[in-house]
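The values are calculated or read from the model by the stated rules, or taken from the named source; none is laboratory data. Bear in mind the structure is a predicted one, so any value in this text is a computation, not a measurement. Every residue, glycine among them, receives a Cβ derived from its backbone with ideal geometry; neighbour counts consider all protein chains shown. Ligands, DNA and RNA are excluded from the accessible area calculation, which covers all protein heavy atoms including side chains. Shrake-Rupley method; radii C 1.70, N 1.55, O 1.52, S 1.80 Å.
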Amino acid sequence: MEWLVEEILAKYNYWISIVLMLIGFYAMIAKNNLMKKLIGLNIFQTAIILFFISLSDVSIGGWGGGVTEPIVKGTLPWAAAGHVAEEGVVYANPLPHVLMLTAIVVLAATTAVALALVIRIHEEYGTIEEDEVIEKEREHGV
Amino acid sequence: MIIPIDLLALFFLVVIALAAITVRDLLAAIVLLSAYSFVIAAVWVEMHAVDVGFTEAAVGAGATTAFMIAALARMKREEKR
């Protein structure tokens, strides 16, 4: 039983990432204001990025301290071969970093497109509250 | 990963996220989202992902906030009750 509690506490990064993900999910579904939904979308995606970056940080997985940034000092021809480039130097896995770099840019582009749609909805209906938009659609029989 | 800094920053993240989706003033919500982005950028630098950290600080906290405030300037600032 004790090892289970220890395992759960040692990986608290993942638990907090799930908490943040559900906060964003709640805002996307339950909030009425379109701007609030967008804020929820942002929080949701950052939580997923937090999960991936936690995967790349090997100090969570039991390597302990002494983990460094994935920057290789000097020119090492065998640097690309494995996790340990210099003797005794362990660094964070750079592959999730690169993937999440793309995800951040995609998030910014998605938010920009969504904001353009929100502005267009505001021009058409004069409101950004979801229920009022649906009500006006019913009135005009769209 | 430095555990005390990590725990403190993640606690602040949850608090700021809850505040950002609860507050009624939309401009305040956007500024809170910007603060959220800065705290999470600090978390990534501390988790040895420096490239992700400075990209988030520039794109997430800078550009996205500017987009959102520019969009909000065209509509009502208060959320309906």
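Here are the numbers:
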| item | result |
| --- | --- |
| Modelled FRET efficiency - R0 30 Å, B:Ile5 with A:Asp131, Cβ distances, 0.05 increments | 0.10 |
| Extension gain from A:Leu9 to A:Val98, taking 0.36 nm per residue of separation minus the Cα-Cα distance | 29.3 nm |
| Rounded accessible area per residue of the stretch B:3-72, 1.4 Å, Å² | 38 |
| Translational D in µm²/s for the stretch B:3-72 (Stokes-Einstein at 10 °C, 1.306 mPa s, Kirkwood Rh from C-alpha pairs) | 128 |
| Interface area, B with A, accessible, probe 1.4 Å, both sides summed, Å² nearest 100 | 3800 |
| Length released on extending from B:Glu78 to B:Ala19, taking residue separation times 0.36 nm less the Cα-Cα span | 19.7 nm |
| Heavy-atom accessible area, 1.4 Å probe, ligands and nucleic acids excluded: residues of the stretch A:24-60 down by at least 50 Å² from chain alone | A:Met35, A:Lys36, A:Ile39, A:Ile43, A:Thr46, A:Leu50, A:Ile53, A:Asp57 |
| Computed over the stretch B:3-72: relative contact order in percent, which uses C-alpha pairs under 8 Å that are six or more apart | 29 |
| Debye intensity ratio I(q)/I(0), log10, the stretch A:1-61, q values 0.16, 0.19, 0.22 Å⁻¹ (C-alpha model) | -0.57, -0.70, -0.81 |
| Amide N proximity, the stretch B:41-79 versus B:Ala28 label position 7 Å along Cα-to-Cβ, cut-off under 12 Å | B:78-79 |
| With every protein chain in place, the protein assembly as shown: carbon and sulfur % of accessible area (1.4 Å) | 70 |
| Kyte-Doolittle mean at least 0.0 and Cα axial length at least 18 Å: DSSP H helices in chain B | B:3-22, B:26-46 |
| Positions from the stretch A:98-115 whose accessible area shrinks by 30 Å² or more when the full protein complex is built, not the chain alone, probe 1.4 Å | A:Leu101, A:Ile104, A:Ala108, A:Leu115 |
| Contour excess over end-to-end distance, with Cα ends at A:Val90 and A:Thr110 and 0.36 nm allotted per residue | 3.6 nm |
| Mean shadow area of the protein assembly as shown over all directions, Cα convex hull, nm² | 15.3 |
| Pairwise FRET efficiency - A:Ile18 versus A:Glu124, Cβ, R0 = 35 Å, nearest 0.05 | 0.40 |
